[in-house]
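Report on the following structure.
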Amino acid sequence: VKEVLAGFTSFSVSRELATNLRPSADYERVSLLLKQSTEAQRFLSLKPDFSMGRVKDVREMAKMAALGKVLEPVSLVEIQETLASTRQLRNALSKLSKELPLLCEIAGGIVELRRLEEDIGSCLTAEGEVLDTASPQLSLLRQQSKQVREQLLSRLQGIIRSPRGRRIFQEPIIAEREGRYVVPVKVEFRREIKGIVHDVSNTGATVFVEPMSTVEMGNELRELVLEEKREVERILRGLSSEVGAHEAEIS
């Protein structure tokens, strides 16, 4: 019977609740549960298109956050969506409190965490990308990185397009190796350009060189990228700490 019931669930926690049910000889308890079920049927007849939305089982995430773990952006977004969906459920039931008093009473236990919802939403996209506007520092670092990257690529393009460059480069392209921008040099012309070799092609015919004239700019870009990474980590740590502080309500 429990397996049949669980087959109608669409949420992992609902299935868990169904499979954990036990028979009861407590008349008052059974009566209450039947009345709740009747109200649920009534609710679905009043709201035939109702859905729990994008609710996920976020209990383990909240628990890990409470233990100090920095959550992945996608996990934080799932928590935000779950909070939003349960808040909407509570609001939907509160409008039907006269018709569905028992369900409304259960929904009263849902704690709204609008501040946490908003904090996650202001920092992350629905896909889990950290927004430039997540902090003034992150916005500044990304602007600086963009400017330095454009200057660096422009200088490399100039090297590639020069008469000398057309002769010594395997292809007129700029590649990236371990976060450094490099140009593909024909191995026989390796000595004609000063720079750092970051890679060699499988055939050995091409070496990927970072010209000395762009090394300092590459260092600056690398430092900005690392600073950006630290700032993103700080933002995610702050959001995760906020989740951890509300573990009980979320669970």
(Q) Can you give the FRET efficiency to the nearest 0.05 for residue 137 and residue 91, using r as the Cβ-Cβ distance and R₀ = 45 Å? (A) 0.80
**Q.** Tilt relative to the chain, helix 212-245 - C-alpha long axis, 0 to 90 degrees, to 10
**A.** 10 degrees
**Q.** Under 12 Å from the residue 74 label point (7 Å along Cα→beta-carbon), backbone N, region 122-154
**A.** 127-129
Q. Within the accessible area of region 1-157, what % is carbon and sulfur when the probe is 1.4 Å and the other protein chains stay in place?
A. 54 percent
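I want the local charge near residue 237. Using Cβ-Cβ distances under 14 Å, sum +1 for each Lys or Arg and -1 for each Asp or Glu among the other residues.
Charge balance near residue 237 sits at -1.
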Q) Which value, in debye to the nearest 20, describes the size of the charge dipole of the chain about its Cα centre when Lys and Arg Cβ atoms bear +1, Asp and Glu Cβ atoms bear -1, and nothing else is charged? A) 640 debye
Q: Could I have the simple spin-label model distance between residue 230 and residue 40, label points 7 Å from Cα toward Cβ, reported in nm to one decimal?
A: 5.2 nm
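Given the Cα-Cα distance of residue 205 and residue 24 and 0.36 nm per residue of separation, how much length would full extension add, in nm?
57.4 nm
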Q: Compute the Kirkwood hydrodynamic radius of the chain, taking the inverse of the mean of 1/r over all pairs of distinct Cα atoms, and give it in Å to one decimal.
A: 23.1 Å
Q: Using a 1.4 Å probe and ignoring any ligands, DNA or RNA, find the accessible area of residue 82 and quote it in Å² to the nearest 10.
A: 10 Å²
Q. Which of the trypsin sites (Lys or Arg not before Pro) across region 170-209 are loop residues per DSSP, with 14 or fewer other Cβ within 10 Å?
A. 194
Q) chymotrypsin sites (Phe, Trp or Tyr not before Pro) within region 1-79: which are DSSP loop residues with at most 13 other Cβ atoms inside 10 Å? A) 8, 11, 50
Q: Relative to the longest principal axis of the C-alpha atoms of the chain, give the angle of the C-alpha long axis of helix 27-46, reported between 0 and 90° and rounded to the nearest 10°.
A: 60 degrees
Q) Separation of region 184-218 and region 52-124 by C-alpha centroid, Å? A) 53 Å
Q: Among 25, 40, 205, determine the one that fluctuates most according to a GNM of the chain built with springs between C-alpha atoms less than 10 Å apart.
A: 25
Q) If the chain between residue 105 and residue 122 were fully stretched, how many nm would it gain, using 0.36 nm times the residue separation less the Cα-Cα distance? A) 3.0 nm
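With charges only on Cβ, +1 for K and R and -1 for D and E, what is the dipole size of region 1-150 about its Cα centre, in debye, rounded to 20?
Dipole about the Cα centre, nearest 20: 240 debye.
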Q. For residue 146 and residue 4 in one chain, what is 0.36 nm times their gap in residues minus the Cα-Cα distance, to one decimal in nm?
A. 45.4 nm
Q. Roughly speaking, to the nearest percent, how much of region 174-236's 1.4 Å accessible area is carbon and sulfur?
A. 49 percent
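The values are calculated or read from the model by the stated rules, or taken from the named source; none is laboratory data. None of these values were measured; they are calculated from a predicted model. No Cβ is skipped: glycine too gets one built from the backbone with ideal geometry, and neighbour counts run over all protein chains shown. All accessible areas refer to the heavy atoms of the entire protein, side chains included, with ligands and DNA or RNA removed. Shrake-Rupley method; radii C 1.70, N 1.55, O 1.52, S 1.80 Å.
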